[in-house]
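Heads up: the structure comes next, in C-alpha cells.
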Amino acid sequence: MKRFKSSPSSIGEATRFRLNRSAVIVVELIIMLPVLIILAVAVIEFGLLLGNMKQVAAAARHGAVIAAEDADVDTNISQSASDARDAVDRLLETANFGADASSGLTLRRNFSGDASNTQGTCDDPTTPSMPSFDAVRVSVCVPVTKLAPDLLSSFGFSISSRVVTMTATFPYAP
C-alpha cells in the first residue's frame, strides 16, 4: 500500500484553518462573557433575595401571632404594634439582617367588623381586604438591600430603591 505524503500547501491550509477557528472561538468568548457574568450574578442575587424573603415572611407571621396574643378590644393598638415590631426586629436580627432591619410595620385589627383600626408606617396597597372574622394583620417592610447585596448595580440594574413587603393574618380568639 502506498502512502501519500501531504503537500506543504495542504499542511499550511490546515494550520491556517485551526488558527482561524481559534480566533473565532476567542471572539465569541469575548462577546458572550459579559452576558454570562451578568446572568450568573443575577441568579445569585435573586437566589439570596428569594431565600431571605422567606425569613421576612416568617417574621411577619411571628409578628401577627404576637399581636394577636397581645390584642384585645380595649388594648391600645400602638402598644400591640410596638410589641409586634420588637418581635419582628428580634427575629430579623437573629436572621443576620441587622438591628432595625425592617423599615416599617403596619398592624391592622378587625374586631367585630371594624377594620379601620390601623397603626404603622408600612405602605401596603396590595393587601387584600381584612377577613370577616376577628383577625390581626401584620405587614412588614424591609429594604431589598438588607436582604441581598446590590450586585447588579455595577451593570446598571440597581435594586436599592426597592422594598419587600410581607403580610400575615392571624385570627384573634379571646
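No value in this document is a laboratory result; all are computed from the given coordinates. In this text, all values refer to a predicted model and were calculated from it rather than measured experimentally. Neighbour counts run over all protein chains shown; Cβ positions are idealised from the backbone, glycine included.
At 7 Å along Cα-to-Cβ for each site, give me the label-to-label distance between SER154 and ALA99 in nm.
3.1
If we count every other residue with Cβ under 12 angstrom of ARG61's Cβ, Lys/Arg +1 and Asp/Glu -1, where does the sum land?
Overall, the nearby charge balance is +2.
Given R₀ = 25 Å, what would the calculated FRET efficiency be for SER78 paired with MET53, taking r from the Cβ atoms and rounding to 0.05? Don't jump to the answer; show the numbers that get you there.
Details: r = 28 Å, r/R0 = 1.10.
Once rounded, the FRET efficiency stands at 0.35.
Cβ neighbours within 10 Å, averaged per peptide: list 34-46, 142-154 in order, most packed at the top.
My ranking of the peptides, most packed first, is 142-154, 34-46.
Read phi for every residue in segment 155-161 and hand back ³J(HN,Hα) as whole Hz from Karplus 6.51 cos²θ - 1.76 cosθ + 1.60, θ = phi - 60°, with x for Gly and Pro.
Computed from phi, the couplings for segment 155-161 are 9, x, 10, 9, 10, 5, 8 Hz.
VAL164's amide H: which non-local residues (gap 5+, or another chain) put their own amide H closer than 5 Å, with H modeled 1.01 Å from N in plane and none for Pro or chain starts?
For VAL164, whose amide H was placed from the backbone, the distant partners under 5 Å are VAL142, VAL144.
What is the packing order of peptides 96-102, 58-64, 77-83, taking the mean over residues of other C-beta atoms within 10 Å and listing the highest first?
Per-residue mean Cβ counts within 10 Å order the peptides as 58-64, 77-83, 96-102.
Roughly speaking, what is the stretch gain from LEU33 to THR145, that is 0.36 nm per residue apart minus the C-alpha to C-alpha distance, in nm to one decimal?
Gain on extension, LEU33 to THR145, equals 37.7 nm.
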